[in-house]
Amino acid sequence: MKVGILTGGGDCPGLNSAIRLVVKRLIHEHDAQVYGFLDGFRGVIEQDYKVLDFDSVSNILDRGGTILGTSNKYNPFRVYTKDGVQDKSDEAVRYLDKLGIECLFTVGGDGTQTIAAEMARKGVPVVGIPKTIDNDLVGTEFAIGFKTAAAFVADAVMRVRSTAESHHRILVVETMGRYAGWLAMYGGAASGADVILIPEIPYKLEKVADFVAARAKKGRKYSIVVVSEGVKSVTGKRVVRRVVNDSPEPLRLGGIGDHIANELEDMTGIEARVTVLGHLQRGGRPLPEDRLLASRLAFHAVDLFLDGKTGLMVAVQNGDITEVSMEVPHGKQRFVTMDDPVFKMERSIGTCFGY
Ligand code: F6P
């Protein structure tokens, strides 16, 4: 038995837990040969892999990052070469076939699973395993890494709260999350943020300023504003930190926190500071909850392969581990809706969403 595994897109805590389970189970139960492709699809395009044995995945259950490396640049359908952009997907398919790969486990977010779905259309047997701190993959309620990242956001907010209170300041905390507000909303809800701004709801700064000023009037002279990097105001645009041209997803967001802090200070007369959490949200050990989720998802992914079922992504639905067609997350993103239970819960206690 020969299988491949790769981790693609931005890293997150819990990737190694998933790799470990796939490798250990398939070796333990089936004496399989497991090829770990390096740096996501780069390893498939450039035929770069290492064979993973039992020892190579020992002691990695709680290690941050990914032992296989990752990349959010390589896509076999759009390879940037010195002669321009080329489609090397047929080459990749032939290569996997030649190696005798019976299943390719793709641990990744929407970019990776979209590529995996297209490889599946070309006949490659794939099983996707969802990961992303953004939690924006369609088809699954939770992805590996999200809960650890949200816990980090919550911890960071709790830390800035005490200094905000001592100095009677507005403290703006900027999170990642791309175009979805899950990370800001869960992190903010778990830390009692006063204001949570998410991309799904265009914000009005006047509403936020009024809310902060009203708190100050009532004696609470500090406020915590959690803002997702992808937000935009009712009139404004998103703030883009950089453009990565050779990436399938070229825009890198970030920087909105400064703008919001400056404007709020001007509008309320209350001193404001900003903390940008950045890549700290992606690093470090996965929480036990994420280690378990990653292991359970990987276990189910192996089950599917052993049952001869591919072209699927494992998923969490209604709290259970299940699977969906790879076509479900293909090219889409999952957003916070107004009927989300956490959103409704926050609204019920008057948390300001800037509208
Ligand atoms: O998708 C995960 C993520 O961390 C986003 O939240 C963020 O916008 C982006 O990746 C950052 O990408 P990079 O690692 O290229 O800076």
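Which entries of K2/K309; K147/K332; K24/K88; K2/K82 have Cα-Cα distances beyond 26 Å here?
As for pairs spanning more than 26 Å Cα to Cα, those are K24/K88; K2/K82.
Give the total of Lys-Lys pairs in the stretch 149-282 with Cα-Cα distances below 23 Å; include a pair only if its members are 8 or more places apart or on different chains.
10
Cα centroids of the stretch 175-215 and the stretch 141-174: how far apart, whole angstrom?
12 Å
Compute the FRET efficiency between K221 and F335 as 1/(1 + (r/R0)^6), taking r as their Cβ-Cβ distance and R0 = 45 Å, and round to the nearest 0.05.
After rounding, the FRET efficiency stands at 0.85.
Give the cross-link partners of K122 among the aspartates and glutamates, using a straight C-alpha distance below 15 Å as the criterion and excluding same-chain residues fewer than 8 apart.
D87, D90, E91, D97, E102, E327
What residues have an amide H closer than 5 Å to that of L137, excluding those fewer than 5 places away on the same chain, when H is modeled at 1.01 Å from N in the peptide plane?
For L137, the qualifying residues are R334.
Enumerate by residue number the trypsin sites (Lys or Arg not before Pro) in the stretch 48-98 meeting two conditions: DSSP loop (anything except H, G, I, E, B), and at most 10 other Cβ atoms within 10 Å of the site's Cβ.
Counting only loop positions with at most 10 other Cβ atoms within 10 Å, the trypsin sites (Lys or Arg not before Pro) in the stretch 48-98 are K82.
Running a GNM on the chain with Cα contacts under 10 Å, which residue among Q333, Q86, Q33 ends up with the highest mean-square fluctuation?
Residue with maximal mean-square fluctuation among Q333, Q86, Q33: Q86.
Taking H as built 1.01 Å from N, whose amide H comes closer than 5 Å to the amide H of L312, not counting residues under 5 places away?
Amide H neighbours of L312, under 5 Å, 5+ apart: V126, G128, M326.
Please identify every one of the trypsin sites (Lys or Arg not before Pro) in the stretch 258-322 that sits in a loop by DSSP and has no more than 11 other beta carbons within 10 Å of its own beta carbon.
Here no loop site has a sparse enough neighbourhood.
Could you rank the peptides 248-256, 141-149 by their average count of other C-beta atoms within 10 Å per residue, with the highest value first?
Per-residue mean Cβ counts within 10 Å order the peptides as 141-149, 248-256.
Taking the Cα atoms of the stretch 174-258, report the difference between the largest and smallest coordinate on each principal axis, in whole Å and largest first.
51, 28, 19
Once phi is turned into θ = phi - 60°, what whole-Hz ³J(HN,Hα) does the Karplus curve with 6.51, -1.76 and 1.60 give for every residue of the stretch 287-293, x standing for Gly and Pro?
5, x, 4, 6, 4, 6, 4
Consider just the alpha-carbon atoms of the chain and return their Rg together with their Dmax, both in angstrom.
Cα only, the chain: 21.6, 71 Å (Rg, Dmax).
Where does each of 100-110, 7-17 land if you order them by average Cβ count within 10 Å, highest first?
Averaged packing, sorted descending, gives the order 7-17, 100-110.
Throughout, read-outs are computed from the coordinates displayed, never taken from laboratory work. Worth saying up front: this structure is predicted, and the values here are computed from it rather than measured. Don't worry about glycine lacking a Cβ; one is built from the backbone with ideal geometry, like all the others, and counts go over all protein chains shown.
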